[in-house]
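Below is one structure; the comments refer to it alone.
The numbers here are math on the coordinates, done by the rules we state, and not lab data. Note that this is a predicted model, so its numbers are computed, not measured. Using ideal geometry, Cβ is built from the backbone for each residue, glycine included, and neighbour counts are taken over all protein chains shown.
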Amino acid sequence: VGKFKIIESTLREGEQFANAFFDTETKIKIATALSEFGVDYIELTSPCASPASRADCEAICKLGLKAKILTHTRCTLEDAKIACDCGVDGVDVVIGTSSFLREHSHGKDMAAITKQALEVVNYIKSRGVEVRFSSEDSFRMTNIGLGASDLVDLLSLYRAVDNAGVHRVGIADTVGCASPRQVYDLVRTLRGVVKCDIECHFHDDTSCAVANAYSALEAGATHIDTSVLGIGERNGIAPLGAFLARMIVAAPEYVKRKYDLHRLKDIENIVAEAVHINVPFNNPVTGFCAFTHKAGIHSKAILNSPSTYEIINPEDFGMSRYVHFAHRLTGWNSIKSRVEQLGLHMTDAQVKLLTTKIKAMADVRPLAIDDADSIIRAFHLDLQERDT
Ligand code: HCA
Ligand code: CU
């Protein structure tokens, strides 16, 4: 899992999110931010989708960004030609379940589909452009309903495009049905069949997208599709931030070297604003409480040594930890730390007494930080008056 590439699809899959409408300026802003962040690829909506989609694709190709620009099209020569004419670095072609699964269903049109795939792959390569070949709904197609002959068909199709020199093949969990173990098995099998890179695309309908991405990498996948905050069809795909939270734990040096993690929060805010949503409260890394510690036992340990209750160092993402001290679960270590932050001096015995006061107040009603600070200051003033 130590080395992987990100195909950032906020501007393709993300445009399929219910609320998404990106004007040219917003697309350029998002593409530029993602490129500066360090994603390897930025995937754009097919130029065949609409005239503006085509113009935007051409405009983004001309920006000269560090990230490679991809677009995503159906597996046809007409679409492939338009894509290459836009000036993209690569084309991700996908063969739909309608053409693959339904018509083909049990080997009949396999030869025709392979022929079409090879034509498109060879054409894109002849234009000097990178090409990925993928099938929609790869998991249901091979695991549920249809059975083993479909897996064999799928693998022989992938082997044929691999032999033709495709740069990547892709697997897509279009409906979000796959489990990490199914993913591992399919990717492992595919890894034994093709030499090219393997890209994986996971929808999050059952909340497995990041786990599936990780499993895919363990099994030998090389590229993972993400979108900012996970936006996409229905409830979306593997979120960029959540995926990197997983990966910084698994491959810290690689992730820290490769990505400008401090920019994550800004990028999420740009996208959240563009599609009129809030960053979820429990978002990995950037959720408002992602590094807030509350219970007395946790807070004491965190104040001594943050790694006790933190698997991710907030500083790696330019975030800061917060010890929540103004509540009835608090402990005297948290209060002592707050007293010091306020620049006040007390003995441990005094802090302990103060803590019982704060806990008693917090039993009656929720305390704001200001409330707790006033109690601390009043207590401190009291001590001083008693001294004089
Ligand atoms: C869709 C297509 C896709 C394609 C994924 C890919 C999917 O919108 O249904 O090309 O890898 O989820 O299957 O996003
Ligand atoms: Cu998708």
Grab the beta carbon distance between THR24 and ALA349, set R0 = 56 Å, and tell me the FRET efficiency rounded to 0.05. 0.30
Bridge type composition, the chain - antiparallel percent by DSSP, nearest 5: 5
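In which sequence would CYS289, CYS200 go, from the one with the fewest C-beta neighbours within 10 Å to the one with the most?
So the residues, fewest neighbours to most, are CYS289, CYS200.
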Determine by what factor the alpha-carbon radius of gyration of the stretch 1-46 differs from 2.2 N^0.38 Å, reporting the quotient. 1.21
Please give the contour-minus-distance gain from ASN313 to ARG181: 0.36 nm per residue of separation, less the Cα-Cα distance, rounded to one decimal in nm. 44.6 nm
Report, in cubic angstrom per residue, the convex hull volume of the C-alpha atoms of the stretch 1-139. 135
For the stretch 262-366, diffusion coefficient by Stokes-Einstein and Kirkwood Rh (Cα), 25 °C, 0.890 mPa s, µm²/s: 159
Might you report the magnitude of the Cβ-based charge dipole of the chain about its Cα centre, with Lys and Arg at +1 and Asp and Glu at -1, to the nearest 20 debye? 840
Distance between the stretch 321-388 and the stretch 44-77 - C-alpha centres, whole angstrom: 58
Going by amide H atoms built from the backbone, whose H comes under 5 Å of the H on HIS203, apart from near neighbours? ASP173, GLY176
What relative contact order, as a whole-number percentage, does the stretch 175-312 give when Cα pairs under 8 Å and 6 or more residues apart are counted? 17
If you fit an axis through the alpha-carbon atoms of helix 369-387 and take the longest principal axis of the Cα set of the chain, what angle between them do you get, 0 to 90°, nearest 10? 20
Hydrodynamic radius (Kirkwood) for the chain, which is based on Cα pairs only, to one decimal in Å: 23.3
Towards the positive end of the charge dipole of the stretch 233-322, with charges on Cβ (+1 Lys, Arg; -1 Asp, Glu), say which of ALA251, PRO239, ALA274 has the farthest Cα. ALA251
Helical mean residue ellipticity (222 nm; -39500 (n - 2.57) per DSSP H run of 4+; nearest 500) of the chain: -14500 deg cm²/dmol
Could you work out how far helix 180-191 tilts from the main Cα principal axis of the chain, as a 0 to 90 degree angle to the nearest 10? 40
How far is helix 332-341 tilted off the main Cα axis of the chain, in degrees rounded to 10, range 0 to 90? 90
What would the Debye equation give as log₁₀ I(q)/I(0) for the stretch 166-290 at q = 0.14, 0.15, 0.16, 0.19 Å⁻¹, counting only Cα atoms as equal point scatterers? -0.62, -0.70, -0.79, -1.07
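Would you list PHE133, PHE379 from fewest to most Cβ contacts within 10 Å?
Arranged by neighbour count, lowest to highest, PHE133, PHE379 become PHE379, PHE133.
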Difference of contour (0.36 nm per residue) and Cα-Cα distance, THR222 to MET361: 44.6 nm
Sequence ranges 226-233, 163-170, ranked by mean other-Cβ count within 10 angstrom, highest first: 226-233, 163-170
What share of Cα pairs, in percent, lie more than 17 angstrom apart in the stretch 178-249? 37
